[in-house]
Amino acid sequence: MKRPFILIAILLFIGCSTVPVTGRRQISFIPQGELLSLSDQSYKDVLAKSTVVTDPARTAGVVEAGKRIAASAESFMRDSGMEKDLKNYKWEFNLIQDDKTVNAFCMPGGKIVVYTGILPVTRDANGLATVMSHEVAHAIANHGGERMSQELIVQAGGMGISQLMKSKPEQARNILMQVYGAGSQYGVLLPYSRSHESEADRIGLILMARAGYDPKTAVAFWERMNNLGGVKPPEILSTHPATQRRIEDIQKELPEAEKYYKA
């Protein structure tokens with residue numbers, strides 16, 4: 001009876017890392033190589049099952065914001081002592097035609113997807129930069145790896161991802177897609193914790209500011225998202241709850257981000 005608890009204790013001990021900016025200690029015992037391999041397969045699966053927009057005129061905004069946020073993220077990682085992790089990022093930016101899905105996500109390795117359903121809410125380049133920088137912040141902070149580690153402990157008794165892929169590959173893929181919120185077709189999404197959201201908001205503001213986007217505009221975007229909620233909240237709010245308290249927290253974080261924007 002004690003063996004599962006001993007295994008989990010060992011995993012917790014060897015899987016500690018630190019989130020940039022906040023310095024919070026997190027538990028993530030999934031090797032980056034395995035996480036990247038699984039996420040790459042799942043990312044390709046999402047694209048294969050979706051209608052990817054290929055018209056350059058329609059994708060120009062997503063690609064432009066994506067490149068600027070990616071460059072900002074790489075600079076941020078160098079300054080945060082994460083230069084060794086840059087080799088894991090091969091950025092891609094895709095727009096998926098799905099007006100009913102108000103969502104966006106960034107997989108490990110910098111694979112970014114934006115659904116057309118969120119474009120009426122982003123409205124402009126600043127709004128698009130807000131949501132993309134927030135999703136990239138989740139990736140940089142390894143929130144998905146941390147969340148997936150927690151789910152492996154709960155659902156698979158601490159089994160490693162490679163073991164789970166061999167014995168229950170469908171379960172492994174489902175956990176990953178639920179964690180990253182990659183579209184409603186994958187069922188119930190697993191919400192990030194409040195600390196994850198706070199960290200992604202704070203880091204995201206810094207990323208968009210360093211990329212040359214006014215961080216103050218993030219407040220207007222989240223207010224629009226919050227007002228869009230209604231009875232059934234949009235997909236992105238299933239994992240990214242936009243409450244008034246959250247917006248107030250973002251406003252408190254603005255002075256830190258504005259230093260980078262003014263510079």
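A few remarks follow.
- Residue within the range 225-233 that is among the hydrophobic types (A, V, I, L, M, F, W, C) and at pLDDT 85 or above present: yes
- Across the range 1-17, the qualifying residues are those that are surrounded by 14 or more Cβ atoms within 10 Å (Cβ to Cβ) and within 17 Å of residue 142 (Cα to Cα), and the one among them that is modelled with the highest pLDDT is 17.
- Residues of the range 32-62 classified as in contact with a strand residue (DSSP E or B) (Cβ under 6 Å, 6 or more places away or on another chain) and surrounded by 16 or more Cβ atoms within 10 Å (Cβ to Cβ), total: 6
- Test: residue in the range 109-121 that is loosely packed, with under 15 Cβ neighbours inside 10 Å and in a helix (DSSP H, G or I): yes
- The set of residues in the range 103-147 being at pLDDT below 95, at positive phi and not small (Gly, Ala, Ser) consists of 142 alone.
- Against the test of being more than 27 Å from residue 217 (Cα to Cα) and surrounded by 19 or more Cβ atoms within 10 Å (Cβ to Cβ), the options 29, 105, 76, 93 yield a single qualifying residue, 29.
The values are calculated or read from the model by the stated rules, or taken from the named source; none is laboratory data. These numbers were taken from a predicted model, which means no experiment stands behind them. Ideal geometry is used to build each Cβ from the backbone, glycine not excepted, and the neighbour counts take in all protein chains shown.
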